[in-house]
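Following this message is one structure expressed as structure tokens.
Just so you know, all these numbers are worked out from the coordinates, no wet-lab data involved. Only a predicted model underlies this, so the values are computations on that prediction, with no experimental measurement involved. Neighbour counts run over all protein chains shown; Cβ positions are idealised from the backbone, glycine included.
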Amino acid sequence: MTSQDSFGGAWTREKLECLQDYLRAYMKILEKHSYFRTIYVDAFAGTGVIPLKTQKEQGVLEELEIEVEAFLKGSATIALEIAPTFNEFRFIEKNVEKAQELETLRRKFPYKAETIHIIAQDANTYLPQWIESVNWRKTRAVVFLDPYGMQIEWQLLETIAKTKGVDLWLLVPIGMGVNRMMTKEGLPPQAWQDRLTRFLGTDEWKERFYKPAPVEARGLFDEDAQSVKVANYAALEQYFVERLQPLFGKECVAPKPLTQYNSHNSPMFLLCFASANPTGVKIAHHLLTRKKKGSK
């Protein structure tokens with residue numbers, strides 16, 4: 001039984017296989033450049049707050065939580081099993097109880113115990129501090145970010161891009177996060193607008209995905225009905241790729257993220273990739289498009 005067979009459902013195993021294949025290729029390349037110190041970072045951002053209206057949505061969320069947690073546990077194990085091995089592993093989990101659960105990795109991989117670091121902090125706070133402390137002329141890292149609930153702020157992605165030494169895997173909550181917060185009639189509540197702006201790094205999404213409502217659809221005194229949502233999943237996917245390109249460079253962002261669907265065949269996440277190294281992008285693009293053909 002492979003590591004990915006031990007965790008979660010079909011899409012979880014599929015994405016773990018994608019990550020595993022990438023890490024194998026990555027370390028095979030870095031093995032030839034032994035002067036670099038290699039680090040694997042998993043940033044578990046926690047569940048956050050996702051707006052729900054119906055019992056069905058609650059059921060979908062519970063399914064996603066199980067799958068995402070399974071994916072993250074699986075990714076940690078896979079990273080530790082990769083050979084040649086990374087020099088260092090950092091697992092960031094704000095939830096103290098879940099962070100303590102990760103301590104089992106040291107017992108499971110005793111010969112790597114000294115290289116495993118468990119950090120019970122917020123990724124938005126910890127990662128910039130850690131990045132600042134690293135000599136990126138001598139270091140290369142793979143960072144996996146799970147902004148489930150959209151807690152990750154765009155400023156963190158800017159900080160990561162500036163290192164020129166990080167290959168970034170990013171799990172974007174396109175369904176229960178971005179799309180769900182963009183209400184159909186009228187702009188979202190202010191708190192949701194603020195969350196979207198922090199996550200996307202700009203408020204231009206309002207002009208991109210909202211247009212004036214037809215006159216006949218506007219209520220006489222209803223300010224919220226003055227605009228309607230025109231976003232769909234394909235447009236949201238393209239927009240997020242466009243947002244990443246100025247940070248890493250157009251050729252350094254995988255152009256086709258992998259869409260992850262739930263058991264109801266609804267898009268839930270985008271698995272995105274960006275790197276300062278075009279070679280890494282070519283490998284990731286091949287893996288993502290290979291999986292994309294077999295998705296759903």
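State which entries of K15/K108; K112/K162; K162/K250; K28/K162 exceed 26 angstrom in Cα-Cα distance in the structure shown.
K112/K162
Is segment 232-296 best put as rounded, prolate or oblate by its Cα gyration tensor, with a ≥ b ≥ c the root eigenvalues, rounded for a/c under 1.5, and otherwise prolate when a/b is larger than b/c, oblate when not?
oblate
Extending each Cα 7 Å along its Cβ direction at N265 and Q155, get the distance between those two points in nm, one decimal.
In this crude spin-label approximation the distance works out to 4.3 nm.
Taking θ = phi - 60°, what integer Hz values does the Karplus form 6.51 cos²θ - 1.76 cosθ + 1.60 yield along segment 124-129, in sequence order, with x for Gly and Pro?
Calculated HN-Hα couplings, in order: 4, 8, 6, 4, x, 5 Hz.
Rounded, prolate or oblate: pick one for segment 81-177, where a ≥ b ≥ c are the square roots of the eigenvalues of its C-alpha gyration tensor, a/c under 1.5 means rounded, and failing that, prolate if a/b is larger than b/c, else oblate.
oblate
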